[in-house]
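What follows is a short report on a single structure.
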Amino acid sequence: MLKRLLKPIVDVRDEELATMVLMFAYSFLVMTSWNILKPITRSKFISDLGADNLPYITLAAGVIIGFIMQGFSKVIALLPRKWVIPVTQAGIATGLVLFWAAFTSGAAWAPAVFYLFGLIMSVLLISQFWTLANDIFDPRQAKRLFGFIGGGASLGGIMGSTILQFTERVGTNNLLLVSATILVICIGIVFSILAKRKDAPLSDLRLSDLSAAVEEKGVSGGDALRLLRSSKHLQIIALVIGFAAMGAYVIEQQLNMAVEEHVEAQADGALKATLASAAAAGASAEQRDEMAKAAAKQVTDQITKVLGAVQLWTSILGFVIQVWLTSKIQRYLGVGFALLLLPMSLGSSAVLILLTGMLWSTQVARVLDTSLRYTVDKTTREILFLPLPTELKYQAKPFVDVTVDRFAKGLGGLLSLVLIKPWGLELTWRQMSVASLVLCGTWIAVAVFAKRGYVRKWQEALVRQDVEVADVRIQAADLSTIETLIGELSQPDEQRVLYAI
């Protein structure tokens, strides 16, 4: 019956059904857990240390997380492979309980350390999920089933963000326990999956790239830089990824500062009125102090709720775009249009923020940026890699996808500090949009070069037969890609025709 219900959605075989449903539940729950925590890592930091100091922790995270990951790999190497994911999840759940205790006791160190913990948690949970998925499903199964399984992640994002709308009732601190409980359920699901697929050759999760859900380990940094220098097309792809990461960071920083300003302004007004009424009623100093502490807690809860609402709309819009629009944009409007979509969104959002200076304008900017970046833009980047020789792609792709993205985020953090700090330009979150417009103009120029370079590279790849057909995993391509491919069918060389087919 379940197979009949799912038939219009996914092409699944009888022997795959149970494992696919379990993987769907796993992706749904793990993303629910993470999306509960993601806004909390920022709300705790913002309410205690200020949004203007977030770029410092971002810069530090790039170095600190590298050392932590090395230590994690050595510790986890002592375990059998099938225990790696459950032990990781159990460790994260235990950490959440400990942070709940630290926040309850008012530990001053907790907000900054919890922010770093959240970054590590996202790396581990998401990468280990996709590594397991690639272990238990072969490439043919992946093409049929990953869309459905990935839908669980999208719905998990919506569920986690929806739960955050009850923050004022549950309390920000208690939501950590909710997230930990969900992870405990995930442990049981993972054991069930491994029990059903005992024959699956598990990857060495200790050595896999725990920074992204990629199948290949890639090469060392020095070799990757050498490969990058040898290919202009790779350089253009790296620039596209870099500008996307920097633009996203600036928008996120604007949102954090705008939310902090808005919520604290409302809270200060309410607190002053409450304290004035309490003083008139003869309340003691201790009672007024308790009122101030309660107001501070409400600030954190309100920031969590606002950031959760942004994340909710991002998840909904991202799901709609991924399911209904991404393939249509690629197929009918082309890779050039898709490449320009994100920078044009950045430029439009920057103009909107400059003109209005309202909180909702930063929320709109963040929703558009994130929903487009992880759907249309991510798919377009996969298409850009298509013409590269398979060996070059597998060696350089993890470096370009992960390391370049990290480095660009670090540059975004440094740029934000220069823009907002008193020792820099001391701009407001509204004025930061000027930097976004400059980024947007340069990014558009790079996107145009990327489109031209891609078409040229694709034509060359067909002539040289560089693309390994069995390794192609994209589900849809743009019109220029298909037209070039069909054009090969008229070649007098039979081998080129067969390769095109």
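The values are calculated or read from the model by the stated rules, or taken from the named source; none is laboratory data. Since the model is a prediction, treat every value here as computed from it, not as a measurement. All Cβ positions, glycine included, derive from the backbone under ideal geometry; neighbour counts span all protein chains shown. With ligands, DNA and RNA removed, areas are computed over all heavy atoms of the protein, side chains included. Shrake-Rupley method; radii C 1.70, N 1.55, O 1.52, S 1.80 Å.
Consider I76 carefully, then state whether it is at pLDDT below 80, of a type in the set (V, I, T) and surrounded by 15 or more Cβ atoms within 10 Å (Cβ to Cβ). The answer is yes for I76. Test V467 against the criterion of being assigned to a loop (DSSP other than H, G, I, E, B), more than 28 Å from the chain's Cα centre (by Cα), closer than 21 Å to S231 by Cα and at pLDDT below 90, and give yes or no. Answer is yes for this residue.
Scanning segment 18-66 for residues that are of a type in the set (K, R) and more than 19 Å from the chain's Cα centre (by Cα) yields one hit, K44. Take the conditions at pLDDT 95 or above and among the charged types (D, E, K, R) and apply them to R430. Does it pass? In short, yes. A273: surrounded by fewer than 12 Cβ atoms within 10 Å (Cβ to Cβ) and at pLDDT below 75, yes or no? Answer is yes for this residue.
Of everything in segment 429-443 that is touching a residue at least 60 places away in the same chain (Cβ under 8 Å) and among the β-branched types (V, I, T), the residue that is nearest to V351 (Cα to Cα) is V434. Residues being open to solvent by less than 30 Å² (accessible area, probe 1.4 Å), at pLDDT below 90 and either of a type in the set (D, E) or more than 20 Å from M69 (Cα to Cα) (or both) are entirely absent from segment 107-114. Restricting L175, L145, L132 to those that are among the aliphatic types (A, V, I, L, M) and either over 19 Å from L22 (Cα atoms) or open to solvent by 10 Å² or more (accessible area, probe 1.4 Å) (or both) reduces the list to L175.
Okay, residues lined up against (1) touching a Gly at 6+ places or on another chain (Cβ under 9 Å); (2) touching a residue at least 24 places away in the same chain (Cβ under 8 Å); (3) farther than 18 Å from L29 by Cα; (4) hydrophobic (A, V, I, L, M, F, W, C):
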{"residue": "A110", "(1), (2), (3), (4)": "no, yes, yes, yes"}
{"residue": "F117", "(1), (2), (3), (4)": "yes, yes, yes, yes"}
{"residue": "V123", "(1), (2), (3), (4)": "no, yes, no, yes"}
{"residue": "I126", "(1), (2), (3), (4)": "no, yes, no, yes"}
{"residue": "N134", "(1), (2), (3), (4)": "no, yes, yes, no"}
{"residue": "S154", "(1), (2), (3), (4)": "yes, yes, no, no"}
{"residue": "M159", "(1), (2), (3), (4)": "no, yes, no, yes"}
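Look at (1) of a type in the set (D, E, K, R); (2) surrounded by fewer than 20 Cβ atoms within 10 Å (Cβ to Cβ); (3) modelled with pLDDT of 90 or more and you find that R42 fails only one, number (2). A447 falls short on exactly one of the conditions (1) within 26 Å of the chain's Cα centre (by Cα); (2) open to solvent by 70 Å² or more (accessible area, probe 1.4 Å), and that condition is (2). Check whether at least one residue in segment 7-15 is crowded, with 16+ Cβ neighbours inside 10 Å, in contact with a Leu (Cβ under 9 Å, 6 or more places away or on another chain) and outside any helix (DSSP H, G or I), and report yes or no. So far as segment 7-15 goes, yes, one or more of its residues are crowded, with 16+ Cβ neighbours inside 10 Å, in contact with a Leu (Cβ under 9 Å, 6 or more places away or on another chain) and outside any helix (DSSP H, G or I). In the condition set (1) open to solvent by less than 10 Å² (accessible area, probe 1.4 Å); (2) touching a Ser or Thr at 6+ places or on another chain (Cβ under 6 Å), M23 is compliant with all but (2). Pairs meeting the criteria (first residue in segment 372-385 and without any contact (Cβ under 8 Å) to a residue 40 or more places away in the chain, second residue not in a helix (DSSP H, G or I), beta carbons under 8 Å, at least 6 apart or on different chains) are lacking. Could you tell me which numbered condition G62 fails, if it satisfies all but one of (1) modelled with pLDDT of 85 or more; (2) under 25 Å from T314 (Cβ atoms); (3) surrounded by fewer than 16 Cβ atoms within 10 Å (Cβ to Cβ)? Result: G62 fails condition (1) only.
Could you go through segment 44-55 and let me know if any residue there is in a helix (DSSP H, G or I), in contact with a helix residue (DSSP H, G or I) (Cβ under 7 Å, 6 or more places away or on another chain) and closer than 30 Å to A195 by Cβ. The answer is no, given that none of the residues of segment 44-55 is in a helix (DSSP H, G or I), in contact with a helix residue (DSSP H, G or I) (Cβ under 7 Å, 6 or more places away or on another chain) and closer than 30 Å to A195 by Cβ.
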